[in-house]
Amino acid sequence: MIKQNDTSMRKIISLMRRAIEDYNMIKTGDRIAVGVSGGKDSLALLCALAKLSEFYPERFEVVGLTLEMGYGADFSEVQKLCADLGIEYHIKQTNIKEVVFDIRKETNPCSLCANMRRGALNTLAKEHGCNKIALGHHNDDVLETFFLSMFYEGRVSCFEPVTYLDRIDITLIRPMIYVRERDIKGAARNNALPVVYNPCPADGNTKRQDMKELIARLEKEQYPGLRKRLFHAVQYSGISGWEPQRRK
């Protein structure tokens, strides 16, 4: 059960509410699916969004959705968490691991895996009557994606806080874009969130990990406050969808 006096979770909820209002993410009547991978980010998002739904002026529902990738992971504790939070929870078995690693034998598997997971999650959300999907991308993810785009694609770009997918009539929202990963780690630890071990062989060995380490090193050794300035650049440098609507 989520601790009522946990400052880390309260901070996440506060920052999440600010992002939701800045980018007009939630409206009354929304049925929002949270893609629960079992990692700390998606679990923190699930808990914070469920708690926010109890008092937020715009009334909405939360549904937990998990894609079992084919590793045989145990999500029984996540199911218990959802029961404690009083929200629906659904698991769908997939063969994504088999396709990516056993059949295709991808040397750079992350892109194909992400595309397959995205499509399967969108379909599952529609099956359960959801009109929005909340994703667990946090502030560190924003900066790492910003750097990845510049370093490897030669363009200034990043995923958007809100994305409408007209082909399937569903909206993606990222309510944790103001939340630092360290706060998520604190909330996961303080509330003993049931993190599910990720057996993916590519985990932690990616270009994204390189960007994470680079940003941390630059801020620590040369440019104090770099993260804050980078995030300001993402919001106000003309990247599509990033200027806060509430502040215009």
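The values are calculated or read from the model by the stated rules, or taken from the named source; none is laboratory data. The structure displayed is predicted, hence computed values, not measured ones. Cβ atoms come from the backbone with ideal geometry, glycine included; neighbour counts cover every protein chain shown. Each accessible area value is taken on the protein alone, full model and side chains, heavy atoms only, with ligands, DNA and RNA left out. Shrake-Rupley method; radii C 1.70, N 1.55, O 1.52, S 1.80 Å.
Over all other residues within a Cβ to Cβ distance under 13 Å of PHE55, the charged ones net out to +2, with Lys and Arg as +1 and Asp and Glu as -1. Between LYS220 and ASP169, the modelled label-to-label distance comes to 5.0 nm, taking each label 7 Å out from Cα in the direction of the beta carbon. The protection proxy used here, the mean number of other Cβ atoms lying within 10 Å of each residue, ranks peptides 168-174, 125-131, 216-222, 232-238 as follows, highest first: 168-174, 125-131, 232-238, 216-222.
Of the two radii for the stretch 12-143, the radius of gyration is 0.98 times the Kirkwood radius, both from the alpha carbons; that is the Rg over Rh value.
Taking amide H positions as modeled 1.01 Å from N, with prolines and chain starts lacking one, the residues under 5 Å from VAL179 and 5 or more places away or on another chain are ASN139.
Share of carbon and sulfur in the accessible area of the chain stands at 48%, probe radius 1.4 Å. DSSP bridge analysis restricted to the chain gives an antiparallel fraction near 20%, rounded to the nearest 5. The length gained by stretching the chain between ASN190 and LYS92 to full extension, at 0.36 nm per residue less their Cα-Cα distance, is 32.4 nm.
Can you compute the FRET efficiency between SER237 and SER14 using 1/(1 + (r/R0)^6), with r the Cβ-Cβ distance and R0 = 22 Å? Round to the nearest 0.05. The computed FRET efficiency comes out at 0.25. Other residues within the sphere of radius under 14 Å centred on the Cβ of ARG31, judged by their own Cβ, net out at -2 (K and R +1, D and E -1). Per residue, the accessible area of the chain comes to 51 Å² when a 1.4 Å probe rolls over the protein heavy atoms.
Residue pairs exceeding 20 angstrom between C-alpha atoms, taken from LYS132/LYS207; LYS11/LYS228; LYS40/LYS212; LYS3/LYS132; LYS11/LYS80: LYS132/LYS207; LYS3/LYS132; LYS11/LYS80. Listed values for the stretch 118-127 are Karplus-derived 3J(HN,Hα) couplings in whole Hz (6.51 cos²θ - 1.76 cosθ + 1.60, θ = phi - 60°), namely 4, x, 5, 5, 4, 5, 5, 4, 5, 4, and x replaces Gly and Pro.
Excluding same-chain neighbours fewer than eight residues apart, the aspartates and glutamates reachable from LYS27 by a Cα-Cα span under 17 Å are GLU54, GLU58, GLU61, ASP169. Net length available on complete extension from TYR152 to ASN24 is 43.0 nm, with 0.36 nm assigned per residue and the Cα-Cα distance removed.
Sorting the Cα pairs of the chain by distance into bins of 5 Å, from 0 upward, gives 1, 6, 13, 17, 19, 19, 14, 8, 3, 0 percent per bin. Amide H to amide H, with H built 1.01 Å from N, GLU68 comes under 5 Å of LYS92, GLN93, THR94, counting only residues 5 or more places away or on other chains.
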